[in-house]
Structure formats: C-alpha cells, structure tokens
1. Only helices (runs of 4 or more DSSP H) wholly contained in segment B:355-452 count here; list those with 2 or more residues that are under 30 Å from B:GLU578 (Cβ atoms).
2. I'd like the full set of residues that are free of Cβ contacts under 8 Å to residues at least 24 places away in the same chain and either touching a strand residue (DSSP E or B) at 6+ places or on another chain (Cβ under 8 Å) or of a type in the set (Phe, Trp, Tyr) (or both), limited to segment A:210-249.
3. With (1) in a helix (DSSP H, G or I); (2) touching a strand residue (DSSP E or B) at 6+ places or on another chain (Cβ under 7 Å) as the list, and B:PHE125 as the residue in question, which single condition is left unmet?
4. Examine segment A:185-202 for a residue that is in a loop (DSSP other than H, G, I, E, B), over 22 Å from the mean Cα position of the chain (by Cα), within 14 Å of chain B (Cβ to nearest Cβ) and in contact (Cβ under 8 Å) with a residue 40 or more places away in the chain, and state whether such a residue exists.
5. Among the residues of segment B:134-174, what is the count of those that are part of a loop (DSSP other than H, G, I, E, B) and either at pLDDT below 95 or over 18 Å from B:ALA277 (Cα atoms) (or both)?
6. Could you identify the single residue in A:GLY237, A:GLY253 that is more than 25 Å from B:LEU37 (Cα to Cα) and within 14 Å of another protein chain (Cβ to nearest Cβ)?
7. Which condition breaks for A:MET382 when tested against (1) surrounded by fewer than 24 Cβ atoms within 10 Å (Cβ to Cβ); (2) within 15 Å of the chain's Cα centre (by Cα)?
8. Out of the residues in segment A:22-71 that are β-branched (Val, Ile, Thr) and surrounded by fewer than 20 Cβ atoms within 10 Å (Cβ to Cβ), state the one that is nearest to the other protein chains (Cβ to nearest Cβ).
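The values are calculated or read from the model by the stated rules, or taken from the named source; none is laboratory data. Everything quoted here is computed from the prediction, not taken from an experiment. Reconstructed Cβ throughout: ideal geometry from the backbone, glycine too, with neighbour counts over all protein chains shown.
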Amino acid sequence: MPRTARDVVFVDGARTPFGKSGKGLYAETRADDLVVRVIRELMRRNPGLPPERIDEVAIAATTQIGDQGLTIGRSAAILAGLPKSVPGYAIDRMCAGALTAVTTAGAGIAFGAYDVVIAGGVEHMGRHPMGEGVDPNPRFLTEKLVDPSALVMGNTAENLHDRYPGITKERADAYAVRSQEKVAKAYADGKIQPDLVEVLVRSAEQGYGLATKDEPPRPGTDMKTLAGLKTPFRAHGNVTPGNAAGLNDGATGAILAAEETAAELGLDARMRLVDFSFAGVEPEVMGVGPVPATEKLLARQGMGMDNIGLIEINEAFAVQVLAFLEHFGIADDDARVNPWGGAIALGHPLASSGVRLMMQLARQFAERPDVRYGITTMCVGMGMGGTVLWENTNYEGGK
Amino acid sequence: MSNSAIDQARELFRDEVVTKALSRDVELPYGAGTAVLITLDNGHDHTRPNTFGPAGLLDLDAAIEAARARTDIVAVAVTGKPFIFAVGADLSGVDAIQNREQALAIGKLGHDVFRKLGELHVPTFALVNGAAMGGGVEVALHCTYRTVSSGVPAFSLPEAFLGLVPGWGGTYLLPNLIGAEKALKLIIDNPLAQNKVIKGTQVFEMGIADAIFEPADFVEESLRWAAKVVKGDITVERPEVDKGEAWDNAVNMARFTVEGKLHGAAPAPARAVELVAEARNRTRDEGFAAEDEALADLIMSPELKAGLYAFDLVQKRAKRPAGAPDKSLARKVTKVGVVGAGLMAGQLALLFARRLDVPVVMTDLDQERLDKGVAYVHGEVDKLLKKGRVNQDKANRLKGLVTGSLTKDAFSDADFVIEAVFEKMEVKQQVFAEVEAVVSPEAILATNTSSLSITEMASGLKHPERVVGFHFFNPVAVLPLLEIIRGEKTDDAALATAFTVAKKLKKTAVLCKDAPAFVVNRLLTLFMGEVLASVSEGTEPETADRAVAPLGLPMSPLMLLQLVGPAVALHVSETLHEAFPERFAVSAELGEVVKAGKNAIFAPDFTIDPEVKELLKGGDKPSTEPEILDRALRALAREIRIMLDEGVVAEAADIDLCLITGAGWPFHTGGITPYLDKVGVSEAVNGKPFHEDAPKAL
C-alpha cells in the first residue's frame, strides 16, 4: 500500500524562564524538574489532548548524565505524571537538540508512526558545564580531523570573524545591542511572557522563590558598555560576553500533531512543518552551519530567501548571525530577523533553544497573516547547521 | 510576652535545631502582585523534619513582622522544605521546664507568633507541601487559606497521643473551620487509634484545605490559585459549621470514647475535648488563652513526661536495641524454614516471605495440615492483593516463595529455621535435632517459644551456639515486639543474625536473657494472676476486672485472658510457678476453666460467661478495687526490680519498651515503670524508684 506523508503541525509551546548558570535562578533546581514543569504546563494549556494519546516524548540534552541522564524523555514523562504507557527518549545534537527532537518526532508523525508527540529540550549548564565528561578521541587532533579550536565554541566564533573579515567587532556589538533592545521591547509589549511557565526555584539559604521571567537580558546595554568588555577567546579579538549568548539553564517543550489529529482533538494548529535540513561544515567554523543547511532546504523546495517572511535564528554569537545574513544578502537590521530579539539577550541553554525559536515564530505568524513561510535555524557544535521551514496556518495571502 | 520569659524559654531549648523562616518575594501570576513566600527550613534533609522551638518561633515572628511592615505586597504564603511542611513543637526542651510559668510562656509564644498569620493586613496562604503534624498543622490553620499536596503522606494532630493538646490554636481553629465532629477525629480519634495520620487527599476532603494540587508542581500551582484568590477570580466557599446539636453530639461522642479508652487515666485527651466543646462560644483571645492554660498544666504533668519517654522508646531505643552485637557479624539469610503449619507458623511464613523476599518452606508431618498451612498463607496473600497492598506480580511472587514439604530435607539449604510447634520441651528438642541433621552447621535455629528455656532446648545439639529465641506476639502483623533470647551458648553471630532479621521484619527487637517467660508474658501473667487471685478469694470477677481500669490499659485483664486463651495462660503460669513458686501461683480456678474446655471468658454480649464465672468463684474474702490495683502494681514493681537485678534485660527502659510494643500498654504510663515511680509504689516496694530523675529512653 503506498504511503502518504501526513501534514505535521506545531500545536503549542512552553518554556521555563531562562536562568544564568552558576549562581543564577536555577542554581539549586534540577534539570529534570524544569522539563517536568514544561510538560505539565503543555498538558494544562491543552486540555483537549488526552495524555494517553501522546505517542512519544522526545527530550534533548547535550550532557546526558545526572539529572539530564536516565533517558530524560522517558523519566520526565513519568515524573510529569503522564500515563506509563507513554514512551519517551533522549536526543542529542548539541545546540540543535530540541530542534532535532521536533524534526525527528515530527517526521515520525509524517511517516504515520505517531499522531501526537511532545518534543523539547533542556540544558542546565550550571549543573552540567559544556564538555562535562567528554572524552574526545585523540585521532581528532593527531590526524588533524579538526582544528584544535573546534571544541571551544568561542574560538570557532573568532575563526568566523577571520572568514568574514567584513564583520567587525563593532558590527557584532551593534547587532547585540539591537538584540537587547528588541527583547526589552518584546517584554514590554508582552510578547515573550505567554510562552513562559513560572518555576519554583529552591535555595537552601533564601528559601523557595518563583522564576517568572528570563534572567539573562540586560536592558539598556549600549555600544559603550560592550566596547569595554574583554575578549576571552583571543587577545584583542572580537568575541565578548556581550556579543554572544551566555551560559544558561532552561527547558522548552512543544506539542506536535498530525494536522488531522489536531483537528480531531480540537487542538490549535499554529504552523505547519514543511521541511527541514541539516548540513555539516568544518567544525572550527561551526557558526556558518545555518548557511548550507538553509541553502539545501531552499533548493529542495525551489525557494529563495525572498520567499521567507520571518527568520528565527539562534544567536549563539552575533558574528554567526551576521555571517548568515551576509551570505544571503540580508541587512544586519532586517525586520524579518528575530523581531523579538534572540539568544544574546534571552540566553541559550543549549539543547533547549530550538523550540524557543519555534514558539516565537508561531506567535509572530499569528500576528502576521501576510507572511506565509518562516524558518528556524541554528548553528551546532562540531560543525553543523539545522534549518526548519514552517508555513503559517494563519496565512491569508492566498485568499 | 516579656523578654525575660522568652530568654528563659530559649535557654531551656539550648540545643534547638532552629527552623528558619526564609522570606523571599515572588511575583504572583496573572499580574496579581507581589507576595512574600516564607519557606520553613531547618537546614537539614527530610530525615530531620522542621520543628518549632523558641528560636524558630521568633524567626517566624520576624518574618511575619517584616511582611506586616510592607504596603507593597498582596499576600503572604508559607511552605515547607522538600517533603516536609513542619511536624510541630520541638519537645526536646520540655524535660528541662522547671515550673508552670515557663510552660505557660512556651504556649503563649506559639500563639503570639502563629496568630499573626491570621491577623495580617493581607491574606495568608499555607501551602502544605509535605508532612504536617501538631504545630505544623496549626501554622496552616492560622492562615487565611490552605492548599495541600496530594502527595502529603502524613497530616495529624498527635498531641493527645503524647499527653498534650493541640494548643497553639488547633483546638480552637479546627472545629470552627470544619466542625466539631471532623475536628475531633483529628484531635481525639486518630491519636487514640495508634496515632493514625491522614493523607493529603483527606485533608482536602475534610475541608481543612481549600484546594489540592499534585506534588510535581504543587507550590507553583498553589501560587497560581492564590493569585486568583487575591484577584477575586476565585472565591473560597466553605460549608457553614453546625454549632448546634451536631457540635454537642460530637463532643459527647468524644467524651465517651476518651472515657471508654482511658477511664480517666490520662488527662490530655479529656482536656482537648473540653477545649473543643467550648471553642464555638469563645473569642479568639479566650480560646487561645484557654489553650495556653491547658498546655501549661499538661506540660507539667507526669503523663506528658511518660508520653515523651515512651515516644523516645519506640522512636529511638527500638532502633538501637541494647546489647545487640555488631551487625557486621550477621549471616546472610537467603532461605527460611518454618517447622509447623499451624496458624502461628502460617503468620510467620507470610511475614518472612513479605519482608525478606526469600523462599520460605513450611514442614509438617501431616499432608492435610501442611496443605492447609500453605493454603492459609496463599489466602492471606490474596487478601493483600484484594486490598491493593500488593499487585498481581508481587502476589504471584509471594505465593511462589511459600511452599510446603513433608520432610525436613527441604531445609537443607535454609540459613534460618524457626520452629512454631507444640509448646513442649521434648517436642522442640526433637524438632531441632531433626533440623540439625539436614542444615549447615551455621544455619540459625530459632524458636518461637513463649516460655521454655532456650539453653535447655539447645542442650542436645552439636551446635547449640546457633540457637536463639525469637518470640513473636500475637497477632504477629499488629504487635511490633520481638523478644530475642540469648541462650547460654548462643554466639554473637547467631544473635547478630537474629537482630538483622528482626530489623528486616520491621519488628522492635529487645534482647532478653534466657529467663522463664522472658519479659512480657512474665509480667502479664503476674499481673493477671493478682486479679485472678482476688477473684478466687471472693471478689466479683467484674469488680476485679475493673480494678486496674485507672491505668487505661488497652484491654481489661480478663479480656486479655480470653485473647491469650485460658489454656495457654495456664501453661505459662505453670512454667513460671515452677521457676518461682513463691511469687507465681497457678490458679486452680483457671485450671477448672481449662478443664471444662472453655476458651472464652466473655459471652458474645461482653458479659462474663455465667459458667466461667461459676468456675472462677472462690472464697469469701472480697477485695476492693483500690486494693486489687495496689496489689497488682506492687507485684509488678517487685518483679521488675527482680528482673533487672537478674539481668533479664539491660534497663527498665527495655521493660517499658516490651510492654508498649508487645502488650500495647499506653504511652501515658510510659509502659509501666514511670507510672510505678509516680504513684510511689516502686519506692514503697523496692525502697527506690526505677528512674532517679525523669525517665530516660536512652
């Protein structure tokens, strides 16, 4: 019997406020508890979805040990009180973990194996610093498979400045200032808050508190402040804590469903998964990954960048966003790009970030019935990029 | 209250583990405003729950006062540390309280602080996230609103059980919140029923909490609910409390319960009932003041001291049995043999299988009895399954673990064999010889004898050092005590194994010397013997049976006689008479009852069976109730002193622990020795009390 691919829709997303790693919001809060809160909030916001109808819980984490180990998708499903009949698994593609959870589980829906899935990601970089417990094969270096700088993300960002000499530190800082400004405005306009679920945070010394908003944003950041920051990855370099995302803690999750199942259950269908693509690049310039990933995707779809009305690109580093824009001939301050700001201000808890891009894109789609297509795209450590193409279900242009 | 009184109180609670009240601002959802979230946390994990001593109360006071000073907040919420809300007053300093003024000061301090939670300028919310008892429950009751986690495992007001009243607002606020009937269930019924607790769902169902949320995100959801209450989106409606006849009826019923169980033996429960009785007519000030007075009286009462001592016995001493060898000497037990297939053997087989999760094989010479024995165990497993105590897989496993064998070969790979055969020395000796022939030289041979000598039982064996007494109390599933008896040759490894097994069986093990009838049966037989003697001298059995009621024992002597069985009781008294003829008589009248084949003393309507009454009847020298009580107490005091001198157990505390856990003797008598000291009998009989100062459990 010939198989027909089914349309997959993004039903809803929710996330914890992002915290600063170390002494921040979640210093004494477990990573799995963050995921649990997100899953429970998704279920609460979608009472039409019977929990037993969830076919899979795919949760990404880069460092899958401790409270991010034990097959986090499955253990979080149990801890969240989903029926024991609901399976789950853990997934990892570093920064693009949650994005990959969506594409993989979403592809399973298109294939007909699932009707409804929960996909998301978590990273508690305070409890699990990047690179914790890794044991890189010595062949990487002895055989020069990768440049020694490839494993330190900040170094790869400096390398990207070398590849795109036109992207100066000033341009990167200016981009960062705009990201902060856009986030501040989005917060003031109440754009960010609807996706947040408040989280109880423990502190042995201060007692319990409640995380209600993102901790990383620094409203009021200006060029002067940024100019004074150190460049920790290279003496007299370009990459500073100000024009890069910080080290953060947080979790995200989304409900995806077959379009027909969403209709059956009366669930929202906020955007349609059209296609996705991943591509590899030299690990030492991992930030350029979104370029080939997006090129591949657009080529397959017979589209150009002019077909894309909204771009949610992860801001691991300003330079990496600027490289993408430069490649596609998009202005640094193009209104299509991260209209509500990005990770430089909001934070980037590695494997959780992909779904944050999606939930913001979905909300922008709702406000922009004139836009038909948007992408979410990210660069990935070890030299990759991933791009997902979404169609706005509110699109009215065809009418 | 005055600073000097507070300072004094703090001095008394010098070693207080202080529960801090940690305040933090939280932004309530839905734009409801800022709330102060107070976390009660003593800095330890859940194994050391939050309690309130003077320093803790003052810390909470400071937190509330700080909130009171603010105009920018819309609510105050109080929650606990992980798994624990708060479990009540810190009782560690109670022993040190020297006078009523100090006791009154402690009661007042609690009220002064807690009541502020009900009298703030903003609504207060108790978020009961974990275990809450006593003063912890009262903190919640003072708040304007309460939410409870469905995961709360224990919520109770145990004060009456210990010898206090819930006197930091409990007896006033709870009945006015949910009515006298439900309040008295928590204040009286549950404490007097082995200190029963309720769970989170019941806290909500009873109307104590206004909302219930699942534990996974309990505080977050509680704060959302609180935000809606603050905004007026939720109006909490509570059923109106019936302050008329229903209140009277509930109070009268509680008075009846208390009198029936205690016969005036312990003051606290009755005092609690009277506080509840008056709570509907009193103002807050009056209600709280009455509680202060009650607390002051009760804190100074010997019953409370005995209650706290008893509490420490079962909570602390029971966990570190005096004289138990180092547990590293214990051998592994991977299979258990039970000789016999009778009712006791069946209870033991079930217990071993459930708690040790190892194969248990029962033996009997008679196939029919054996089948019946195994079928009994399997039937009990089915009951557990039906009650939901085990699931189908576990039931299958348990049934698979318990098997029967006609020959003792089945014991060949058992490490622990216990006999529960007929109570006769020759029979038991023969059984052990047969078992020894098949088991390894290290296998433990345990006997459930209630009165026979362990040393003698082991005497004919090649390896007497592996024999140990392992005496359970009937019903095995209910009474926690296990008397572990060391025979003359019993070695440390066998004894250590016995204690380790006892711990896994969740029993309270007490080490006893190989003395006739060990502890509980020796004392109960003596006690009952005095009552029976007074009957044979001419006292009406009803009078004699009522005579010891002032102790508030769980059952009267004749009811106990019926439970034990006249034949068994007679047998034990014969053993003891043989050993100590001058102190233990064998009741000829009881012999007649046994000979007549009577195994019940009471008719189904709880009156004494006329035929039994006729058989028990004796001379023409009746005694009064006080005389009988006095002789019974004197006999106990004398015998316990002798037992301690003989070294039957390590200390008087072990005697009390045995009586509490093996005979259900009450907390308010502290077992018995604190009571004997209190009424002066110890001094009169032995020339000195059992405890020089306040009784010490450790």
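1. On the way: elements: B:367-386, B:392-401, B:425-438.
Correct list: B:425-438.
2. A:LEU210
3. Every condition holds for B:PHE125 apart from (1).
4. Yes: segment A:185-202 contains one or more residues that are in a loop (DSSP other than H, G, I, E, B), over 22 Å from the mean Cα position of the chain (by Cα), within 14 Å of chain B (Cβ to nearest Cβ) and in contact (Cβ under 8 Å) with a residue 40 or more places away in the chain.
5. Step one: of segment B:134-174, the residues part of a loop (DSSP other than H, G, I, E, B) are B:134, B:143-144, B:150-154, B:157-158, B:163-169.
Of the ones still in play, those that are also either at pLDDT below 95 or over 18 Å from B:ALA277 (Cα atoms) (or both) are B:134, B:143-144, B:150-154, B:158, B:163.
Total satisfying the criteria: 10.
6. Values: A:GLY237 fails: within 14 Å of another protein chain (Cβ to nearest Cβ).
Going through A:GLY237, A:GLY253 in turn, the sole match is A:GLY253.
7. Condition not satisfied by A:MET382: (2).
8. The first filter runs over segment A:22-71 and keeps only residues β-branched (Val, Ile, Thr), leaving A:29, A:35-36, A:38-39, A:54, A:57, A:59, A:62-63, A:65, A:71.
Now restrict to residues that are surrounded by fewer than 20 Cβ atoms within 10 Å (Cβ to Cβ): A:65, A:71.
Working: A:ILE65: 22, A:THR71: 18 Å.
Among those residues, the one meeting the criterion is A:THR71.
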